[in-house]
Structure formats: structure tokens, C-alpha cells
Protein chains: 2
Amino acid sequence: MDIEVPSTFDERDWARPVDGGPVRFAVIGLGWFGPDVAIPAIEESDYCVTTTVVSGDREKAERVADEKGVDHALTYDDYADGEAADAYDAVYVVTPNGLHLPHVETAADLGKDVLCEKPLEATAERARKCVEVCEEAGVDLMTAYRMQTTNSIRWVRDLVQDGVIGDPVHTRGAFSYNLIAAGEDMDQWRLNPDLAGGGPLMDLGVYPLNTSRFVLDEDPTAVHASTVEGPSEFDGLEQYCAFTMEFPSGVVAECDTGYQVAGDNYFEVGGTHGRIRVDVPFNVDADRKITIRGSGEETVVEPDEPSEMVEEFDYFATGVLTDMDIAPDGEHGLFDMRLTEAIYESGENGGLVDL
Amino acid sequence: MDIEVPSTFDERDWARPVDGGPVRFAVIGLGWFGPDVAIPAIEESDYCVTTTVVSGDREKAERVADEKGVDHALTYDDYADGEAADAYDAVYVVTPNGLHLPHVETAADLGKDVLCEKPLEATAERARKCVEVCEEAGVDLMTAYRMQTTNSIRWVRDLVQDGVIGDPVHTRGAFSYNLIAAGEDMDQWRLNPDLAGGGPLMDLGVYPLNTSRFVLDEDPTAVHASTVEGPSEFDGLEQYCAFTMEFPSGVVAECDTGYQVAGDNYFEVGGTHGRIRVDVPFNVDADRKITIRGSGEETVVEPDEPSEMVEEFDYFATGVLTDMDIAPDGEHGLFDMRLTEAIYESGENGGLVDL
């Protein structure tokens, strides 16, 4: 096993000459992630700028606009009415899952490209509508899977695809934390079935799920799962879900996720001749540790890399401004929604569910 | 989380006064494990002695008897005929899985107690017969699950049962290696469906399977699985198996095992408030590393402990010589065979299989 570890992880293997820009963003949804993570990442990016913020709460929109030096502060209604639409070229949708669709519909109506947070919506049916309206309007739609623009994870995918660990046999991954022990509010939207569309699987489990698809460069054809229903505050949502995905090549992905289990955050690929494990892959801008094992040797890499959110925004902008295809597009995000629905169906009925 | 780490791991929590003994053993099956591991462990034990060795090959039996200073060397036929039966009190059956039953039947006929290697037989039906003949004869039958007499693993079980990581939510474990890359003989009995009863699940996968039952002190009620058939040399046996077990408490066990995947050997329990991971639990007399995580603290223990095979033989002898119940008895081993058959059924048909 001959592994060349890059001295830096700041190379963008997707980079290409970009004309025009910057892509001017309306950031829709002003929970913590939008103002605290996304807007600073846009600020730091090469090809993006925030010109507009949109919230259900006018005061919050104005406060964030003021704090972040953003020109336009809109309510959801203002946005739906097309107010200030000349000020932005694209939208970043970071509302609760079940509210993505109307914002995506408005963007499509206005001819704006869309970067939409994962999962694409709360149900596959609504996710499909997101895809359809964007296709009909001829605007780009990207599902915001950070891992796919995390340079160290892209490197892991290259190692796997280059056969460094032989033929892949399985992936394993988990993303979990104990939301009750953390003292979180039980009234949050992530525990509202209509807004979230599911429990930890929708919020956290999609990380190992999607990263398995990404690293293997293959889509599963069947899933089976065990789900454990949460306490009454979970309103029928699962507190735990273990799911297994079967891929056409014979590779098997074993993942789990929970909201009532001690923190867990890893991803691993086992091949015929070696293993690659990533510790703490899924937190935003985490201190990742990559351990590569094969034939007695062990290589440990602690990548120093740019923020994956900066990479994500510039990747999206490059897709918008050039002829580059966006890999995690709407169809890609929709497939995950079909997967999560199949996982819930299997957890409910106990069978293997074909896709 | 307040963890008291023992200064040594040599305490036998099951120890009690033993009268009589030693238990004189006939070791049946002289592959590498019997002569190289079991006979030295018996030699080192407090309550056991080897008086007899039994092989299909008379010359091998005589050579091993000579090398190990054992009085009696028998063929399988000699043993079946009751030769030298006065020289031993118990048998240790360490032949290929599918040959356990006739040796157990002979032992029961002769009134000898039985320590039988895992898995108990090649099929649940034959395992059930092992249990029945021993019950009818009134002899003890123990299924030789080393992990249950490994003091560090018993300590892990105590930590879990004492609530050190909160309520258990899931276990994970794997035991795998690439038998082809290791250059192993493709004609070995482990790849013979009749003798092995299955692929890596029967040989290796039973370790995380049984250790989950042991540490949780609970038995699963349903399983689902994905199996991947091996190359033609595997004669229809799986090369890979990922299985999920559902326990009545809601705990889920996620395990995998393979013969064509890079080495893998770990066991983990995730609770509501912490995690315990054991690295390299399953190799005999492995250098285990136990990592306990909870609320920001991490405790790493590298236990210095006696050979689990010595512990296993003395545990069995204590069961035979006192009124101590043997925990991994015949019924316990039979349950695992029902589990492995259910796992194969699920892997074949795709459904959740109830037990």
C-alpha cells in the first residue's frame, strides 16, 4: 500500500476557470446555522456574496442583516412576493426540512438557482416536487451535502476508488448524540414530524448514508433497518435507527443514528486488503482523523483543510457559473429521501425494501 | 462516570470452593487449537488435566500424546468404542463443527461431561440433539465461548450492567479476516458446508453475536441480515455477512463478519450516556484495549489478564465439581445456532426473521 498524503488539503479537484459572478445569495432561514456558519462561509468564499436574508421574523431578518452587513432583510412573505429579487441570483435554503418546498418553488418561479440543505425535504413526494419545479424552470438545484465538498473526504473517496484498500467490501458509519442529555428543547422542529419528516435519520443518519453513496460512487438497491421509537416527547419519531444498505456491487453499508445515545461520529470503509476509518467526519469543520490500515502498516492523517462550507458555496457557484455538473443535485438528494422512506418502511414492517 | 479499574484482572468472580478433581480430559480433535492452545491451558489450569487425546489419525494422536506427556492416544473409533473411558471424566470437543454430535453422543453414553467448541454444531437440529443426549444422560454440556470467561470482557459486562454508560442502546462488533489473502488452503473444513455449517458467520461472526448476548445479558427476538456469497471455492458459503439483532429491551446489535475482507476485530457498546469499545477482543489471549468514554472523560485500559482458555477450563471444571450452573450451557449454544440459521434465512429471503 503506497499512500501519498498531500501536504495540504486545499486543492479543489473540481476547480475550473470561472467567468462572471459573484453569485449573490439570499439566505433563507436564520436559525444558528445560516447566520453563524453559512453567511461567514459565503463571506470567505471566492465566488459568492450574501445580499439578502430571509426569515419568518422581520425583526430577526433586520437584526441579522444589520449584524452581517447584508443589504436586504425580507420576511418569508416578502420573499414569496418577489421583493428585492433583483438583488440575488441564487438562494440557500436552510429552514426546517418540511418548509423547503415553498421556498424552492418561489426560487424556481423567480429563475434563481437553489442550494438546498439536506435532507431535500420532509418526504420524497415533496422532494420530487423540488426537483421538478427546478427542472421546469431551468435553474440549478444542489442538495447541500457538506461531505461531498470536504476535501479530506474527497481524498478518502479517491483512495477507495484507486483501490488502495483493494475492492470495497463494506462501509460503516454513525452520527448520533443524546439530545435529551444535552438539555435541548423538546419543542424544537427536529422533533416535529411534519417539519422534520423523521427523527435522527433525517437530521444525522443521512450523513453516513450519503457519504457511503459518495465514497463508493454507487447507489444502493435495497435496505433493511431496525428502528426504536422515542419517548412521548418524540411524537412518534424514532430515537434510534440502524440501517443496512445493499449495493449492486455486493458492498454492504451498515449505519446507525440516534438522538438518545452517547455521541458517535465515524465513517469507515473496509476493503479486501485494508481499511480506512475517519473519526469525527460529520461535524462542520471538525478535526478529522483519518486512519488507513493495510498489510500491517498504518497511516494516520489529521488533515488541515479549508472549511467545507466555503468549499460548498464555491462548488455550487462554479456549477452555476460554468458548465460543471453539480454532483449532489436534486435527483441525488431525492434518492436519499426514497432511501430514508424505505428505511422507515423496513423498520416498521421488518422486510428488505427494494428501491 | 466513576470507573474503578482493577489493578489486576485475575479475579474469578465465579470462584467457589472446589472439592475433588482434577477433571481428567479427553481432548477430541487435534488440529492446531487443541494441541497448541487447549492442552497447554489445561496444563496451566487449577482443576483440569489431560489424560487422553483423540484424533481421526492414530499416528497424530500418538505423536501429540508423546509430545504433551498424555497417557492415552485414541482414534475416533477407539473413543466411540469406549476405550480408556476410565481414564477421563470429561471431553473437550474441538473437531470441525459438523462432527461434534457423534462425539457428544459417545460422551453422553459414557457419562462424561462435555465442553464443546462453538458453534455447538453445524445445524440447529444437530445442536439440539447434542443438548438432548446430554440432558438425558445427566451430564454437563458447556459451549466453549471464551469471551464469557475472559475476565476483561466480564468486567465490561459488569460496567454495562452497573449502568456506567447509562442504558445500553446498541452493540456493534466485527470479526473478520481475508483468508484468501492470507494464503490459506481452500480445501479446509471451514469452507466445507457440511463440516462448517456456514461461512465466516459460523467461525467468526458468532463472537460478536454471542458477546452481545453475554454483555447485554439478554437474548434477541428477531434478526435481519445481508449476506454476500463467496467465490466458487467457497462452495456456496457466504464471504460476508452483516446482521442486526433486535432485543426485547429495544437494544439493537449490529455485527459483521467476513473471510474476504481486511482484518477486523472489535466490540462496542453504546449507552445513553457513554460508550465502551474493546479493540481486538476476539483473538485468543489478545492484547485487548478497552476504551470507556462518557461526558468528556476517556479511560483506556489495557488489561493484563490470565489466558481465557485457562479460565474457561477451570470455569467448566468448577461447574462440573460444584453446584455452579454453567452459563453458556448447551441451550445457550443451541440458541446461537437458531440465530445463525435465522440470519442465513434473512440473508436469503430478505425479511426480518423472528425467533
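Can you tell me which of B:Val131, B:Val156 is in contact with an Asp or Glu (Cβ under 8 Å, 6 or more places away or on another chain) and β-branched (Val, Ile, Thr)? Walk me through it before giving the result.
Numbers: B:Val156 fails: in contact with an Asp or Glu (Cβ under 8 Å, 6 or more places away or on another chain).
Only one candidate passes the filter, namely B:Val131.
Every condition in (1) of a type in the set (A, V, I, L, M, F, W, C); (2) in a strand (DSSP E or B); (3) farther than 26 Å from A:Glu11 by Cα holds for A:Met142 except the one numbered (3).
Can you say whether B:Asp46 is modelled with pLDDT of 95 or more, within 22 Å of the chain's Cα centre (by Cα) and assigned to a loop (DSSP other than H, G, I, E, B), as far as the supplied structure shows? For B:Asp46, the condition - modelled with pLDDT of 95 or more, within 22 Å of the chain's Cα centre (by Cα) and assigned to a loop (DSSP other than H, G, I, E, B) - is met.
Taken over region B:80-101, the residue count meeting the criterion of being of a type in the set (Asp, Glu) and touching a Lys or Arg at 6+ places or on another chain (Cβ under 8 Å) is 1. Of all residues assigned to region A:96-112, none qualifies as being closer than 30 Å to A:Pro200 by Cα, more than 18 Å from the chain's Cα centre (by Cα), polar (S, T, N, Q) and not in a helix (DSSP H, G or I). Filtered by the rule that a residue be at the interface with chain B (Cβ under 8 Å from one of its Cβ atoms), among the hydrophobic types (A, V, I, L, M, F, W, C) and not in a strand (DSSP E or B), region A:163-179 gives a lone residue, A:Ile165. Filtering B:Asn192, B:Asn151 for residues that are farther than 19 Å from B:Met337 by Cα and away from chain A (no Cβ under 13 Å) leaves a single hit, B:Asn151.
Is it true that some residue in region A:280-297 is in contact (Cβ under 8 Å) with a residue 40 or more places away in the chain, part of a strand (DSSP E or B) and among the hydroxyl-bearing types (Ser, Thr, Tyr)? Break it down stepwise before answering.
Filtering region A:280-297 for residues in contact (Cβ under 8 Å) with a residue 40 or more places away in the chain gives A:281-282, A:284, A:288, A:290, A:292, A:294-295, A:297.
Filter once more, so that each one left must be part of a strand (DSSP E or B): A:290, A:292, A:294, A:297.
So of that shortlist, the ones also among the hydroxyl-bearing types (Ser, Thr, Tyr) come out as none.
For region A:280-297, residues in contact (Cβ under 8 Å) with a residue 40 or more places away in the chain, part of a strand (DSSP E or B) and among the hydroxyl-bearing types (Ser, Thr, Tyr): absent.
If you go through region B:187-197 one residue at a time, do you hit one that is at pLDDT 95 or above, at positive phi and not assigned by TED's automatic domain parsing to the domain that holds B:Gly98? Checked against the condition, which is being at pLDDT 95 or above, at positive phi and not assigned by TED's automatic domain parsing to the domain that holds B:Gly98, region B:187-197 yields at least one hit.
Quick check, is A:Thr52 at pLDDT 95 or above, closer than 29 Å to A:Pro306 by Cβ and buried (at least 24 other Cβ atoms within 10 Å of the Cβ)? So that I can check it myself, show each step before the final result.
Numbers: at pLDDT 95 or above: yes; closer than 29 Å to A:Pro306 by Cβ: yes; buried (at least 24 other Cβ atoms within 10 Å of the Cβ): yes.
For A:Thr52, the condition - at pLDDT 95 or above, closer than 29 Å to A:Pro306 by Cβ and buried (at least 24 other Cβ atoms within 10 Å of the Cβ) - is met.
Count, please, the residues in region A:217-236 that happen to be under 30 Å from A:Asp162 (Cα atoms) and either more than 14 Å from chain B (Cβ to nearest Cβ) or under 16 Å from the mean Cα position of the chain (by Cα) (or both).
Initial filter on region A:217-236 (under 30 Å from A:Asp162 (Cα atoms)): A:217-224.
Pick out the ones that are also either more than 14 Å from chain B (Cβ to nearest Cβ) or under 16 Å from the mean Cα position of the chain (by Cα) (or both) and you get A:217-219.
Qualifying residue count for the region: 3.
Considered as a group, the residues in region A:269-284 that are closer than 14 Å to A:Arg172 by Cβ, at the interface with chain B (Cβ under 9 Å from one of its Cβ atoms) and out of contact with any helix residue (DSSP H, G or I) (no Cβ under 8 Å at 6 or more places or on another chain) include one that is surrounded by the fewest Cβ atoms within 10 Å (Cβ to Cβ), and that residue is A:Arg275.
Kindly indicate the residue of region A:237-267 that is among the β-branched types (Val, Ile, Thr) and in contact (Cβ under 8 Å) with a residue 60 or more places away in the chain and also farthest from A:Gln161 (Cα to Cα) among those meeting that condition. So the residue we want is A:Val261.
The values are calculated or read from the model by the stated rules, or taken from the named source; none is laboratory data. Just so we're clear, the structure is a prediction, and the values are computed from it rather than from any experiment. Cβ atoms come from the backbone with ideal geometry, glycine included; neighbour counts cover every protein chain shown.
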